[in-house]
Structure formats: C-alpha cells, structure tokens
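What follows is a single structure, written as structure tokens, with notes after it.
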Amino acid sequence: MTSVTFRSHDGSTVQVNGELGVSLMQTALSNGIDGIVGECGGSAMCATCHVYVDEAFVNLLPPMNDVENEMLECTVSTRRASSRLSCQIRLSRELEGLVVELPETQA
Amino acid sequence: MFGDEAGLPYQRPPLSKTFLKEGHPERLLFRNADFFAANGIEIQSNTPIASVSPSERSVTTERGNTYHFDHLVLATGTRNRQLPIPGFNAPNVFGMRTLEDASRIRDRLEMTSEIVVIGGGFIGLEFTAAAKQLGKKPTVVEAQDRLMARAVSEPVSEFFLAAHRRNGVDIRLRQTVLAVETDSSGNAFAVRLSTGERVFSDLILVAAGVVPNCELAYAAGLKIENGIAVDRTMLTSAPNISAVGDCVSFPLGDRRLRLESVQNAADQARCVARRLTGAVEPYDKLPWFWSDQGADKLQIAGLIEHADKLVAKRDDETGRLTVFGFSAERLCAVETVNRPGDHMAARKVLSASDGIMLADLEASHYRLKEVFRTVARP
Ligand SMILES: Cc1cc2nc3c(=O)[nH]c(=O)nc-3n(C[C@H](O)[C@H](O)[C@H](O)COP(=O)(O)OP(=O)(O)OC[C@H]3O[C@@H](n4cnc5c(N)ncnc54)[C@H](O)[C@@H]3O)c2cc1C
C-alpha cells in the first residue's frame, strides 16, 4: 500500500491508501475522488485525469513518454511544469506519501 | 440503475487491449460501491428489465418486480452480431462485448496458439494486436477490401494493414468465413474460407459488428430508426423517456447518426443529466474516438465519412500519419496515427464555431497546432 493525498482545487484534502502497481487514476476512481474523470480507461487518450504533482515528488516519477507529453499540451486546465496524466503513474514504494493537486476542471 | 450484467459498471475499451494482457477486472470499474452509495445511486446488477410502460411510467424486471419512474433513461447499448454460419455456436467461438466475454477469452487464450478473427474492424484488430503481443498466431478475415472500412479513410486503412502485416499477422481481405469446422466433441478446430482454404484455429473471435438493443424500446412503442430515435435533446418519442449511447440514433443536420464510442455515450449522458436538472440544450458535441492497436494509436476527431476531399500527410521515418478531411473546403475531420498533439489540436479547431478552411491549412503547411493558435486567439 502507498498513501496518496489528493488536494482539490478548493484546498480540501483526502488521503487514501493505494495498491502498489495500480495507476494513480484508478486509485482516485476506486476511492471516489471527484475531479478525476479518466474517460478513456487509462490509455492516455482523453487527458481527463490531469493532476499537478507536488514538487517533492516530481523527480521520483517515471519520465513521461511522447504521447503523454503531447496530450498534456491540450488539457482543459492550464498545464504546469508539474502536470502529469495520472493514468500513466503507477504507484510504487518510492511514491509513499505522494501528494497531487487536482485541476479546476477536466472537461 | 438496472443492468443485466454482474457487478458494478466498468470500462469496456480495455477489454480488447490491456485487460487481455494483464487481467485485473477490478481495475476496470468506473467507481467503487462506496461512491454509488455516498451519492444516493442504487445499483441493481443481474437485473434484466423485461418491459417498459410509458403510460404507467414503470419498468418491470424479468423477475416480475415493477418500479415507478418520473423519468427513464435507456442506455441499453449494443450486442454482437450473430453470423448465420455452421459451427458458430461452438464453445471456442467467442464475441467480445462484456467483461464475461473477455474473461472467458483470456482463460482460453492460455491454451491457444492459432487464432482466427472474423472482422477487421476496431475490436478485431485491437484483439489481434494484443494476441500477437502474447505470442499467438492470428489470422484476420475481412470481407471488405480494406480494414475498418466503415469508420476510417483509405490512408488509415492502408497504414494499419501494413503495420499488422509487418508485425506478422496474416490478414485476408475480400474473404469470408463460410463455416466453422468442429470436432467430435463440438469444439471448433478450423474455419473454411470463401477461397476454399481451411485455416486451423483453436480460438475464433467473431468481431463482425453489433446491433443496437432496441427491443425494449420497440415493445414500449418508441420510435426506432437504426437505434432508438431521439430528438436534439436526447428525448425519445415518449415525453418521459430519454436514451443515450450506442443504442441511440440522433439527428445531425438532415440525417440520423448512431455512434459507438465512449465520447458519444458520456457526452450524451451529460446532456440528459443537464436537461433533467434544468439546463435544456441541444446535443452538439464533436465526435472523437481512439483505438490502440499494438504500438500504434489511432485517434479520430469529427466524422471522416462526411469528407469529400482528403489530404494525407505521412512521415514514414517516424511512422506517423495525419489525414485531413474536408467538406466543401471546410475541415470536418482529422484522423491521426501516433500524433496525439495533433488530435487534441484538431478537437479544439473542429469545436470552434467558424472552423477552418482548406486554404488556412495550406497556408500553415498543415501544421494544426499553429492553426489552432490563430483560431484560439480572440
Ligand atoms: C471490446 C471493446 C472495445 C472498445 N474500445 C473502444 C475504444 O477504444 N474507444 C471508444 O471510444 N469506444 C470503445 N468501445 C465502445 C464503448 O465501450 C461503447 O461505446 C460504450 O460502452 C457505450 O456505452 P453505452 O452505455 O451506450 O452501452 P454499453 O456499454 O453497451 O452498456 C449497455 C448495458 O445495458 C445492458 N442492457 C441491455 N439491455 C438491458 C435490459 N433490458 N435490462 C438490463 N440491462 C440491459 C447491457 O448488458 C450493458 O451492460 C469499445 C467497446 C468494446 C466492447
């Protein structure tokens, strides 16, 4: 298990325990986190699972591939240096305590 | 919410893609049970609805329980087309629509090496690519003269034909399966093709299209036109019944359209949810779609069949392709392979009210993102 904190746009936070190897997007959905849509089911095809990753964790994440990078260019909420698609992040031990912020809107 | 399948609602797209390779049905769920409970949504799975009465405003389950409604939403989807060929009912002949289908196929795949896929459409080809990655030997039989002919342009068909063949898949165009041959225990072991040839196989996937589930609506007296007919706000011919998704045909210009895609189901559902909560607006969302076939990602924005002119830009070095479709010189659809940035730009360009013209694209040397920046500027 990896503990993950989702900070929503209005500042409120929810902490959940995610299963190792499961994507951050799926972890959010199965814990009823509002603000992650994940319409394509995790194919990096819809850009509706956009998150801003807390600075302390940005460098611990696996590097993004071209597909994710290009999809992030067109998210509905503004892209930042810390933007990632949560379907492309699998929970690992290194990510224990991960904090991500949810954008204002996904679609 | 009534559904005839077991369990909670789940995503279908991964069934023919990652699920085949990785399993984990729990990762397909849209939301968990707590979410539905916390939001006051009661899910009754394993509960087929047998009839609808628009005048009584009620539905009756197959088990005979009747429930009243103020408003009913039909989202009955589609089912796989059955083929009238001998041997079709053998236990190792499969369709791929539900989690149950995909789980059975996954189990069977473990003891299979040769596979025949009937139908070279999206689902057949996604399955083929996944099976190939699992080390299987697939043969695809497609009656038309090109792949995915119903939904994509010729350059895209050609791109994927070459990609699958390069990957070692045996693809037969302009051929059909006349019969499935079964052994003494009733299991299929080969198919007989229209060319007379026999192809051995221990798993046969039938991916030859779907039919909309309209029977419930038809029996209730609702208007049917290649799907449950709805008006611009997704209302059926009965004032208290809406319909959304794969089972619906909706008006677009002077025609009717029935689409099978996640975008279509989700955006139509949002349109109905808004109407029922007070914001009546016509459904006018841009259709978009994707299909992952092995290493290649196809994305489509708009409806390419409305195009009277196509411009294809391919980059053989990087294996990328973009096809621009124009209707009366105006951009109406963009298909991209391995160019997600262009796809997202196309979605924004095509959703913008004025749209863009062939001349604009020519002037920008078909750089969509550049055009998008000029269109997006107020
Ligand atoms: C293998 C596969 C891969 C796909 N890949 C993609 C993709 O990559 N991209 C994409 O955009 N789309 C894809 N799709 C299509 C997408 O999944 C559908 O467009 C979407 O599921 C449609 O949603 P829906 O709610 O309209 O219908 P469905 O998801 O079909 O749901 C309808 C439900 O109603 C139930 N039902 C029917 N009649 C009754 C009744 N009388 N009583 C109770 N329940 C009933 C059905 O059993 C079903 O569970 C794929 C589909 C499949 C099968």
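FYI, it's all coordinate maths here, none of it is from the lab. It should be emphasised that the depicted structure is a prediction, and the values quoted were computed from it without experimental measurement. Here Cβ is always computed from backbone atoms with ideal geometry, including for glycine, and neighbour counts include all displayed protein chains.
Does a label point 7 Å from the Cα of B:Arg255, set along Cα-to-beta-carbon, have any residues of segment B:290-312 with amide nitrogen under 14 Å, and which are they? So the set is B:302-309. Using 0.36 nm per residue and subtracting the Cα-Cα separation, the extra length available between B:Glu158 and B:Gln82 on full extension is 24.6 nm. Note that the protein assembly as shown shows a convex hull volume over its alpha carbon atoms of 171 Å³ per residue. Along the axis of the charge dipole computed for segment B:184-281 (Cβ charges of +1 for Lys and Arg, -1 for Asp and Glu, origin at the Cα centre), the listed residues B:Thr195, B:Gly221, B:Thr277 are led at the positive end by B:Thr277.
A protection proxy built from the mean count of other Cβ atoms within 10 Å ranks the segments B:293-302, A:56-65, A:76-85, B:342-351, most packed first, as B:342-351, B:293-302, A:76-85, A:56-65. When the alpha-carbon atoms of chain A are used, the pair Rg, Dmax equals 12.2, 32 angstrom. Between B:Met111 and A:Val14, how high is the FRET efficiency from 1/(1 + (r/R0)^6) when r is the Cβ-Cβ distance and R₀ = 30 Å? Nearest 0.05. In this case the efficiency is close to 0.10.
The residues packed around B:Glu142, meaning those with a beta-carbon under 12 Å from its beta-carbon, carry a net charge of +2 if Lys and Arg are +1 and Asp and Glu are -1. For chain B, a/c is not less than 1.5, where a ≥ b ≥ c are the root eigenvalues of the C-alpha gyration tensor, and a/b does not top b/c. That puts it in the oblate class.
For the pair B:Arg165 and B:Met1, the difference between a 0.36 nm per residue extended length and the Cα-Cα distance amounts to 54.7 nm.
Counts of other chain beta carbons within 10 angstrom of each beta carbon in peptide B:21-32 average 3.
The radius of gyration of the Cα set in segment B:29-150, together with its Dmax, comes out at 19.7, 56 angstrom. Between B:Asn240 and B:Asp284, what is the FRET efficiency for a Förster distance of 25 Å, r being their Cβ-Cβ separation, to the nearest 0.05? Here the calculated transfer efficiency is 0.60. Which pairs, out of B:Lys17/B:Lys132; B:Lys297/B:Lys348; B:Lys285/B:Lys309, put more than 21 Å between their alpha-carbon atoms? Checking Cα-Cα distances, B:Lys285/B:Lys309 exceed 21 Å.
Taking 37 °C and 0.692 mPa s as conditions, segment B:295-376 diffuses translationally at an estimated 263 µm²/s according to Stokes-Einstein applied to its Kirkwood radius (Cα pairs). Evaluated with a Cβ-only charge set (Lys, Arg +1; Asp, Glu -1), chain B carries a dipole of roughly 480 debye about its Cα centre, given to the nearest 20. Approximating the spin labels as points 7 Å out from Cα along Cα→Cβ, the B:Tyr366-to-B:Arg198 distance works out to 4.8 nm.
When the square roots of the Cα gyration tensor eigenvalues are ordered a ≥ b ≥ c, the ratio a/c for segment B:82-208 is 1.5 or more and a/b exceeds b/c, which makes its shape prolate.
The A:Arg80 and B:Glu42 beta-carbon pair, evaluated with R₀ = 30 Å, returns a calculated FRET efficiency of approximately 0.15.
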